[in-house]
Amino acid sequence: MKTIFATFLSLFALTTIEAQEKKFNLIVGTYTKSCESKGIYVYEFDSEIGDFKLKSNTENILNPSYLAVSNDNKFVYSVSENDKKSSVSAFGYDSKSGKLDFINFKNVNALNPCYIINDDKNVITANYSSGNISVLAKNSDGSVGEVKQIVQHTGKGINEKRQEAPHAHMVYFSPDKKCVLANDLGTDKVYLYRYDPNSVTEALKLKSSFDLKPGSGPRHLIFSKDGKNVFVLQELDGTITSLSYNDGILKKLSETTVVATDFKGDIGAADIHISPDGKFLYATNRGTANDISVFKISKKGSLEFVQRTSTLGKGPRNFNIDPTGNFLLVGHQYTNEIVIFKRDKTTGMLAATGKKIDLCSPVCLVFTKI
């Protein structure tokens with residue numbers, strides 16, 4: 001009897017652990033001015049069946065459009081796009097309950113930060129309207145310190161309406177954390193900075209820059225799983241440029257596009273991600289297309305088109321793939337919903353599930369462990 005009972009307990013414990021491993025927290029940043037939003041929302045997401053439930057939300061946080069989670073999963077950082085009052089906020093994060101406790105905020109001394117990254121020493125933002133990068137110190141208690149460096153981009157592009165000045169749109173660590181890459185939509189460049197996390201005044205030092213097609217407008221990028229390639233998505237013309245990466249040096253390999261051959265309308269490429277197994281790349285296009293393209297990644301870093309399908313909403317600003325690779329979730333800024341797609345791990349193709357999370361203006365989706 002004792003043996004049977006012990007076996008039962010072991011099986012129950014194993015089942016419980018497996019069930020927990022299939023569940024993650026989904027943290028969502030939103031815009032708060034266009035509709036009723038309280039800021040940041042935390043959902044529990046079941047990656048086996050695609051179900052979800054709300055766990056918590058913040059109160060009265062203005063436009064926390066982009067988020068970053070600390071490496072130890074204990075803190076969440078958000079930008080707050082608010083012109084001259086733009087800031088970064090720090091929150092204590094209890095992943096089990098999903099609760100976010102506000103710690104503090106600091107002005108970024110720049111205009112409208114639209115992307116954020118962090119490590120143990122610093123919080124770094126890309127500031128769209130002022131065309132620069134802010135580096136803020138991070139304190140041992142997780143709070144944000146003062147701005148210790150501003151890196152200003154200069155120049156403009158050929159698109160007079162969108163490229164009248166520099167517009168830093170993303171900052172991103174290289175896999176080895178030795179460099180920070182920055183896309184600038186206004187100057188058609190990817191800047192590469194040597195990164196010294198311990199420097200008090202010069203954490204970022206310009207190493208080089210890479211010129212992309214004039215008028216293309218680089219927005220987001222992603223590294224391949226092996227860190228040897230970088231894929232840059234250009235907002236203004238929908239191009240994806242495949243680059244090799246070696247110790248801070250970029251070289252062009254090939255190009256493709258998220259725009260259908262017969263498409264006529266406004267282009268607004270937005271976000272780009274790679275599946276957890278590293279085999280497939282996904283990229284969204286807003287404008288009048290409101291679709292997502294799927295590509296298979298070759299061993300040499302080129303992209304082979306697989307599928308293009310509607311995101312079933314308007315303004316697919318951001319999306320993410322759950323850590324198991326079973327589902328892809330698309331946040332729609334204008335139709336106020338997160339649409340859930342089932343993902344075929346073998347082919348990479350997406351299929352609608354009919355499930356969605358109704359939420360005001362979702363613009364950033366981040367998965368974390370519970």
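The values are calculated or read from the model by the stated rules, or taken from the named source; none is laboratory data. Because the structure is a prediction, the values reported are computed rather than measured. Here the Cβ is made from the backbone with ideal geometry for all residues, glycine too, and neighbour counts use every protein chain on show.
Values as computed for the structure displayed
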read-out: Residue count for segment 123-137, restricted to those that are surrounded by 22 or more Cβ atoms within 10 Å (Cβ to Cβ), under 13 Å from residue 89 (Cα atoms) and more than 18 Å from the chain's Cα centre (by Cα); value: 1
read-out: Filtered residues of segment 35-56 (kept if under 20 Å from residue 333 (Cα atoms), free of Cβ contacts under 8 Å to residues at least 24 places away in the same chain and of a type outside the set (Lys, Arg)); value: 54
read-out: Selection from segment 244-279 of residues that are under 22 Å from residue 321 (Cβ atoms) and outside any loop (DSSP other than H, G, I, E, B); value: 245, 256, 257, 269, 270, 271, 272, 273, 274
read-out: Which numbered condition residue 6 misses (of (1) outside any loop (DSSP other than H, G, I, E, B); (2) at pLDDT 95 or above); value: (2)
read-out: All positions within segment 234-259 that are of a type in the set (Gly, Ala, Ser), under 20 Å from residue 182 (Cβ atoms) and more than 20 Å from the chain's Cα centre (by Cα); value: 244, 248
read-out: Of all residues making up segment 333-370, the number that are free of Cβ contacts under 8 Å to residues at least 40 places away in the same chain, touching a Lys or Arg at 6+ places or on another chain (Cβ under 9 Å) and closer than 26 Å to residue 61 by Cα; value: 4
read-out: Residue within segment 208-226 that is at pLDDT below 95 and not basic (Lys, Arg) present; value: no
read-out: Residues (under 15 Å from residue 327 (Cα atoms) and part of a loop (DSSP other than H, G, I, E, B)) located in segment 280-311; value: 311
read-out: Qualifying residue in segment 174-190 (condition: part of a strand (DSSP E or B), of a type in the set (Val, Ile, Thr) and closer than 12 Å to residue 218 by Cβ); value: yes
